[in-house]
Amino acid sequence: MNTIFRKSMLSVAGLAFAGGVFAGPIAAHAANPVDGKPVAVAVQSAAPKPQGEQSRITLNDEQTANVKAIIAATKKAGLPERAAVISIATSLQESKLENLGHLGDKNDHDSLGLFQQRPTSGWGTPEQITDPAYSTTAFLKGLRQVDGWQDMALTDAAQTVQVSAYPDAYAQWEQQATDLVGQYWNS
């Protein structure tokens, strides 16, 4: 008898649910007519929170000029602020925003410029790579080729372009890069 009672209750509950699904919206619309105009809803996506411990350095005039050059190249490429944040964080990790020339024995292979790009890897000539506008444009070209870079964690987007031996190191610069873009994007 318990089984019959349970099945009966489930049937009644099922009918009540189905009735609510089918009649509920109809009854609600009949009582409150809708004008049929679409409503625009503004949705702001929250800026991604930086991953892990954050690092920060004090910038000198040369480093600040390089930040401005990265932002200018990003704007010229028609990319959003997020691209500038990724670029600046990458440069903070790779060179501390210093335009590195040939470092002799301290050099990582033939890496040069703000992003430690290598002529032998096809990034450009040494003269091109040490030009902040050119090196940023080259980095951004690589970033554009990364599917979904806009929604990736900063360190993943940067690593996909840079192919570093330290793939998680970019994350530590996200907050400072975000602050710098906020400070100089509209100046």
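The values are calculated or read from the model by the stated rules, or taken from the named source; none is laboratory data. Small disclaimer: the values here were computed from a predicted structure and weren't measured. All Cβ positions, even for glycine, are placed from backbone atoms using ideal geometry, and neighbour counts span all protein chains on display. Side chains included, ligands, DNA and RNA excluded: accessible areas come from the protein's heavy atoms. Shrake-Rupley method; radii C 1.70, N 1.55, O 1.52, S 1.80 Å.
Karplus-derived 3J(HN,Hα) values for segment 125-134, using 6.51 cos²θ - 1.76 cosθ + 1.60 with θ = phi - 60°, are 7, x, 5, 5, 4, 8, 8, x, 5, 5 Hz; glycine and proline are entered as x. Between Gln183 and Gln145, the FRET efficiency from the beta-carbon distance, with R0 = 41 Å, is close to 0.90. Calculated on C-alpha atoms, the gyration radius of segment 50-187 divided by its Kirkwood radius gives an Rg/Rh of 0.93.
Here the 3J(HN,Hα) profile of segment 95-101, calculated from phi with Karplus coefficients 6.51, -1.76 and 1.60 at θ = phi - 60°, is 9, 6, 6, 9, 7, 6, x Hz, Gly and Pro shown as x. Applying the Karplus relation 6.51 cos²θ - 1.76 cosθ + 1.60 with θ = phi - 60° to segment 137-147 yields 3J(HN,Hα) values of 4, 5, 4, 5, 4, x, 5, 4, 7, 8, 4 Hz, where x marks Gly and Pro. For Trp185, nonlocal amide neighbours, meaning residues 5 or more places apart or on other chains whose placed amide H falls under 5 Å from its own, do not occur. Could you look at segment 49-102 and say what percent of its accessible area is carbon and sulfur, using a 1.4 Å probe and all protein chains? Reported share for carbon and sulfur atoms: 49 percent. For Gln117, the residues whose amide H sits under 5 Å from its own are Leu112, ignoring neighbours fewer than 5 places away on the same chain, with H placed 1.01 Å from N.
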